[in-house]
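K.L.:
Pasting a structure below so you can have a look.
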Amino acid sequence: MLARQRQELILDAVRTTGGARVSELVERLGVSDMTVRRDIEVLATRGLVTRVHGGATAAGSSVEEPGFAAKAGLHTAAKQAIAAAAAALIEPGASVALSAGTTTHAVASVLLDIPRLTVVTNSLRVAEVLHESPRADLTVVLTGGERTPSDALVGPVAVAALRRLHVDWLLMGVHGMDAEAGFTTPNLVEAETNRALVASARQVAVVADSSKWGVVGLSTIATLDEVDVVICDDGLDSDARKILDNSCGRLVLAA
């Protein structure tokens, strides 16, 4: 297979799913790890993909924020596994905050199995899932604020509401996670609101699939060592596992 043909297949894989891992491309194309990495470098130089740790993602800037629908169909199996692992942290009768995002949306559905919960969220999508439950022992608190492309409610109204709240757990989705930048988002106002969520919680768990590693958004929400638990899928590569193991409180890999 010619280099150009390989690169076209890599580009198609990235555009179809939003990202591709080197290991997946090696198996698909039947070439070496080094060959795939060179092809990704060529595509990145041309501005067609963004090179990240362990693979490539669709080209975009640190301020580009995909909408909820664009992200909902990506990495669904990983998100379901992460959601189940996140729910295992929560005891009956707990108070839980959920940030906006497709992974926290998956978490919300699993939390419906836990009795006597109080859930605080700035996500319209999460609130919708929880409000559809007929359970009388579930209390849902939705912050006000301005709506973002990811259906988060953000800004001074949301921040003011969160400053007076105290929850047992925050389960937080992120746009990216990186050794240096920490947990990030491309939306400055959403970053401020998420920082208020972090401040409201006794314990913080980040729920993010492995494609988020090496992705850096415009604004940092929290550094790695400010988070008690990171829940990710088992596709996370060994270097990333080592960094998270050494930096955050605990790393949980959901199979």
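Bear in mind that the values in this text are calculations on the coordinates, not laboratory data. As the structure is a computational prediction, the values presented were derived from the model and not from experiment. We place every Cβ from the backbone using ideal geometry, glycine too, and count neighbours over all the protein chains shown.
K.L.:
I want to verify a result. In a Gaussian network model of the chain, Cα cutoff 10 Å, which of these has the top mean-square fluctuation: 208, 222, 152?
P.N.:
Per the Cα network of the chain with a 10 Å cutoff, 222 tops the list.
K.L.:
What is the packing order of peptides 102-113, 161-172, taking the mean over residues of other C-beta atoms within 10 Å and listing the highest first?
P.N.:
Working: 102-113: 22.1, 161-172: 19.4.
Top of the packing list down: 102-113, 161-172.
K.L.:
Could you work out the helix-only [θ] at 222 nm for the chain, with each DSSP H run of four or more residues adding -39,500 (n - 2.57) and the total divided by the number of residues, to the nearest 500 deg cm²/dmol? Mind dumping the intermediate values first?
P.N.:
Working: 10 runs with 102 residues, N = 255.
-12000 deg cm²/dmol, from helical runs alone.
K.L.:
Give me the percent relative contact order of the chain, please, defined on Cα pairs under 8 angstrom at least 6 residues apart.
P.N.:
On the way: 528 pairs, mean separation 41.2, N = 255.
It comes to 16 percent, rounded to a whole number.
K.L.:
Using alpha-carbon pairs under 8 Å, 6+ residues apart, how would you state the relative contact order of segment 194-239 in percent? Spell out each step's value before the answer.
P.N.:
Values: 35 pairs, mean separation 23.5, N = 46.
Taking the mean separation of contacting Cα pairs over the length of segment 194-239, I get 51 percent.
K.L.:
Looking at the chain as a GNM with Cα springs under 10 Å, which of 146, 91, 132 has the largest mean-square fluctuation?
P.N.:
132
K.L.:
Follow-up question, since we're still on this one. Only Cα pairs under 8 Å and at least 6 apart count here; give the relative contact order of segment 174-255 as a rounded whole percent.
P.N.:
Numbers: 158 pairs, mean separation 26.6, N = 82.
Relative contact order, segment 174-255: 32 percent.
K.L.:
Would you calculate the separation in nanometres between label points at residue 131 and residue 51, each defined as 7 Å from the Cα along the Cα-to-beta-carbon direction?
P.N.:
Those two pseudo-labels are separated by 4.7 nm.
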